[in-house]
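Student: After the structure tokens below, expect a handful of questions from me.
The values are calculated or read from the model by the stated rules, or taken from the named source; none is laboratory data. A quick note: this is a predicted structure, and the numbers were derived from the prediction, not measured. FYI the Cβ positions are ideal-geometry reconstructions off the backbone, even for glycines, and counts take in every protein chain you see. The accessibility values were calculated without ligands, DNA or RNA, using every heavy atom of the protein model including side chains. Shrake-Rupley method; radii C 1.70, N 1.55, O 1.52, S 1.80 Å.
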Amino acid sequence: MYGAQLIEALRRCADGRTSELRSAGPCDATQGRHPRTAVPTRTSFSTRNSLEFFGVGGERMRTAGCDTIVDAKDLSVVGITEILSHLPKIYGLYQRLIAEAAKRKPDLAIVIDSPAFNWRVARQMKERGIPVVYYVAPQFWAWRQGRVRLLRDYIDKALVIFPFEEKFYRERGVDATFVGHPLADLPQPAMTRNEYAAQFHLDAAKPWITIMPGSRIKEVRMNMPTILEAAGQLGSEYEFLLPVAPTLDQSFLQDLIRQQSISLVPESLPALWHSRAGIVASGTATVEAAMMHTPFVMVYRVSSLTYLLGKPRVKVPYFAMVNLVAGEAVVPELVQHDFTATNVVAQLQEILPDGVARNRMLEGLARVKSSLRAPGNTGEGVTPHPADRAAEIILSLGD
């Protein structure tokens, strides 16, 4: 999603410009979750249609006009130990991407998230004299802070989406600018709750709970059993909605839920908007829930070895992004051994009914949403979309 938004914004911003910088654009590696990398092609941008893009991407990137050399799904791997078995395949995809870049000779590379893959792409681009922009910069502030040197060495400009990141990176010698979070200005879904219930055969009289176990198969396999157990304890008093992430097959989720009364729906935002609460795995989905003003419990589990190796390296006090942005525990975090069905149910029962706990969380989510909006305005009191702000900065590099 982030990469597709940026491509569209780059074309909007390029419309009518006469600069002769040959630019390029991003490709999304996870079809709407955490994008990976971008290596675009040589072009001028005197008109919006003159920009060309190639790199890593999924269906949304292809729709936006990106020539996807590598499919996003092939890079979707979670966990320190889990990635080891995929290294030969990932290296082959990396080689394919670099070979294509060598052939097309892009004027600009935009890499998005996924530092393990992208710093290597950035290094190859810099060695070829190609400027590199990092959009959705890696979360080195959370762990492995020493790796900030990779941005200093290989990145010309970092565009960050969380307000505290600009200070963190600038203090460490990286030219970083906060552009706002791409999800901060999401409009509320237009479909009413009754219309949504009719379309997906839901009981509008019951409270709804959206469950979001992750966007990758490994994540879902680790998180889903406990979530299903919690849903079973909550019982038939509630309707449970499971949005199908673009990176997952519906049949895979159907096999997991088996006979449990859980409704698969195509998109997360309407489900969250119309739900009373959510059970949400750590990641971008927690920001989506906050933007939809949906109280939720954050959950997450990885393999025991991954947790053992990773836990000592974590440098932040919270796992949930909304808590990091707020600087306090706005939502409860149930991670690893704390992530049990009993704990999930207990936390949900605090925020499902009207009352102090629910109101406090809603107020905290509102503060987070406000702080994630892009700085500045258009001159008419309108805050620019983060992707538009990012596009303006990218195109100005050639001015």
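Student: Could you list, in sequence order, all residues of the stretch 331-349 that are in a loop (DSSP other than H, G, I, E, B), touching a residue at least 40 places away in the same chain (Cβ under 8 Å) and either of a type in the set (Val, Ile, Thr) or closer than 23 Å to Lys369 by Cβ (or both)?
Tutor: Matches in the stretch 331-349: Val331, Thr340.
Student: If Leu309 satisfies all but one of (1) open to solvent by 30 Å² or more (accessible area, probe 1.4 Å); (2) farther than 20 Å from Ile209 by Cβ; (3) at pLDDT 90 or above, what's the number of the condition it fails?
Tutor: (3)
Student: Sticking with this one: Of Phe178, Phe140, which residue is modelled with pLDDT of 95 or more, open to solvent by less than 50 Å² (accessible area, probe 1.4 Å) and aromatic (Phe, Trp, Tyr)?
Tutor: Answer to the selection: Phe178.
Student: Another question, then. Being part of a loop (DSSP other than H, G, I, E, B) and open to solvent by 20 Å² or more (accessible area, probe 1.4 Å) is the filter; apply it to the stretch 101-137 and report the residue that is nearest to Val56 (Cα to Cα).
Tutor: This residue is Asp113.
Student: Just one of Arg48, Arg12 is farther than 26 Å from Arg216 by Cβ and at pLDDT 80 or above; which is it?
Tutor: Step by step, each of Arg48, Arg12 is checked, and only Arg12 is farther than 26 Å from Arg216 by Cβ and at pLDDT 80 or above.
Residue by residue, here is whether (1) at pLDDT 85 or above; (2) open to solvent by 30 Å² or more (accessible area, probe 1.4 Å); (3) touching a Ser or Thr at 6+ places or on another chain (Cβ under 6 Å); (4) within 28 Å of Asp249 (Cα to Cα) holds:
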position	(1), (2), (3), (4)
Glu8	yes, yes, no, yes
Ser44	no, yes, yes, no
Thr63	yes, yes, no, yes
Asp74	no, yes, no, yes
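Student: Which condition number does Ile279 fail, the rest of (1) of a type in the set (Val, Ile, Thr); (2) at pLDDT 95 or above; (3) over 26 Å from Ala329 (Cβ atoms) being met?
Tutor: If we test Ile279 against (1) of a type in the set (Val, Ile, Thr); (2) at pLDDT 95 or above; (3) over 26 Å from Ala329 (Cβ atoms), just (3) comes out false.
Student: Among the residues of the stretch 143-152, what is the count of those that are open to solvent by 30 Å² or more (accessible area, probe 1.4 Å) and out of contact with any strand residue (DSSP E or B) (no Cβ under 6 Å at 6 or more places or on another chain)?
Tutor: 6
Student: Separate question: Before we move on, is Arg172 on the phi > 0 side of the Ramachandran plot and surrounded by 15 or more Cβ atoms within 10 Å (Cβ to Cβ)?
Tutor: Against the criterion (on the phi > 0 side of the Ramachandran plot and surrounded by 15 or more Cβ atoms within 10 Å (Cβ to Cβ)), Arg172 does not qualify.
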